[in-house]
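Heads up: the structure comes next, in structure tokens.
The values are calculated or read from the model by the stated rules, or taken from the named source; none is laboratory data. Because the structure is predicted, anything quoted here is derived from the model rather than measured. Backbone-built Cβ (ideal geometry, glycine too); neighbour counts: all protein chains shown. Accessible surface areas use protein heavy atoms only, side chains included; no ligands, DNA or RNA. Shrake-Rupley method; radii C 1.70, N 1.55, O 1.52, S 1.80 Å.
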Amino acid sequence: MEPDAQLPPDPLAGMQLPLPEPGDGPDDLGLVCEVDAMVAVFAAQRYTNVEAMRRGALASGAYGGVAEIAERSLRLELASALRVSEYAAGMLITRASALSARYPGALQSLAHARITERHAEILTDELERVEPDVRERLAPLAVELAEAEPVGVFRRRLATLIETARAATLSERHEEALAARRTWVEPARDGMATLELYAPAVEVHAAHERATAIAKVLKARDGETRTLDQLRADVMCDLLVDGDTAAHPAEASGIRASVVVTVPALALLDDERADASDPAVVEGVGPIPIETARQLCGGAVGWMRVLTHPETGAVLSVGRKRYRPPASMRRLVRWRADRCMAPGCGMPASRCQIDHNVAWEHGGHTAVWNHAPFCQGHHTVKHHGGWTIRQLEGGAVEWTSPTGRRYIVQPERPMPVFRVQHGPPPF
């Protein structure tokens, strides 16, 4: 690097934090949010300073002008000063360089506390793995996504964004990764160990869902004291060690995984059209190769197939005629949301309860526009935690907290808005 190389711009330059008016201070949550914003601002400053150190070390001409030695020396000193491992110091240097050189928008957003440091870490780590042209095209979209979503949702949607942009090579990359499938054991304390399986995501999720379904049947038996996690582990051991489930009750036999796969209609026709389409997506898994999607759409009874093409015949409402939504409506609500519709929750919709947003006893309709999936924990919070919710157009859900703050959760697949002249608005 040339000695006169410019240092990265200071993301805090010209920034002024608003001061509260006397007697008009924030509430307790506001104070926590203020500190969290300060953490983000200082994280941006630390990245800027680390990058300045790196550029200074390279520009100094020390270490015989060998960049590798200069960066290794910097990593050691940074690790010693911060009392962290050299690996952690190396990651800090790598992210600081990436944010300054390739993602200045993310660095600015972090400096103004519009995203958290964890958002910045995920953004850089994920985008650095893809081709430069894809990375450059997706960087602004990734920043917008980070500013709009909590960390867990951001991670999932960024992964989908990346895989969608790389859909043309997904099959080839999957074939390469498939060659590395394996299992291994990690020893643990107290006579325990962890069995890890690296295999295609569709099969892994299906296996986990089948074990969960069997475990739920066992959990419902009288006198059963094991937790769902314990039961699921016992089921997997029974299946893998003995190869049968003779110890399980009759109602637990024959259970198979049920997974939703969404496939663009054109992608099922031929390879040329598939290249121009969005990738197929499995609920709770993400994009999958089109060849796998075609196999899954070939008639396997355990799969619900939804084509992303305008379809007719969907049951949108049964009004006040019945409390429980019909099966087709429940499938549609789960497909639309993909996950629990609580802020930041990642529980797959297939494992959630379909809940009336406006309670039936309060006049709520059994309709798509009045239903959303919530996991057990968030279902409880909704009813007993002091929160209120309402569904917006397209299936978004607005949560209002006990402190009056509002959070909007967008579904994975917003549905078209159907207008009617009379009655409640459908979406």
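Overview of results
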| quantity | calculated |
| --- | --- |
| Residue under evaluation Ser85, criteria (1) open to solvent by 50 Å² or more (accessible area, probe 1.4 Å); (2) in contact with an Asp or Glu (Cβ under 8 Å, 6 or more places away or on another chain), criterion not met | (2) |
| Which numbered condition Gly243 fails, given (1) farther than 19 Å from Gln376 by Cβ; (2) open to solvent by 70 Å² or more (accessible area, probe 1.4 Å) | (2) |
| Within the range 353-381, considering residues that are of a type in the set (A, V, I, L, M, F, W, C) and open to solvent by 10 Å² or more (accessible area, probe 1.4 Å), the one farthest from the chain's Cα centre (by Cα) | Trp360 |
| Test: residue in the range 192-207 that is more than 24 Å from Asp229 (Cα to Cα) and in contact (Cβ under 8 Å) with a residue 40 or more places away in the chain | no |
| Residue check for Glu196: surrounded by fewer than 12 Cβ atoms within 10 Å (Cβ to Cβ) and at pLDDT below 90 | no |
| Selected residue [in contact with a Leu (Cβ under 8 Å, 6 or more places away or on another chain) and farther than 30 Å from Thr292 by Cα] from Ala106, Ala148, Ala96, Ala113 | Ala106 |
| Candidate set from the range 119-133 (those that are surrounded by fewer than 16 Cβ atoms within 10 Å (Cβ to Cβ) and part of a helix (DSSP H, G or I)); member that is modelled with the highest pLDDT | Asp125 |
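Conditions tested, residue by residue: (1) in contact with a Gly (Cβ under 8 Å, 6 or more places away or on another chain); (2) within 17 Å of Pro343 (Cβ to Cβ).
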position: Ile115; (1), (2): no, yes
position: His119; (1), (2): no, yes
position: Ile122; (1), (2): no, no
position: Arg129; (1), (2): no, no
position: Val151; (1), (2): yes, yes
position: Leu170; (1), (2): no, no
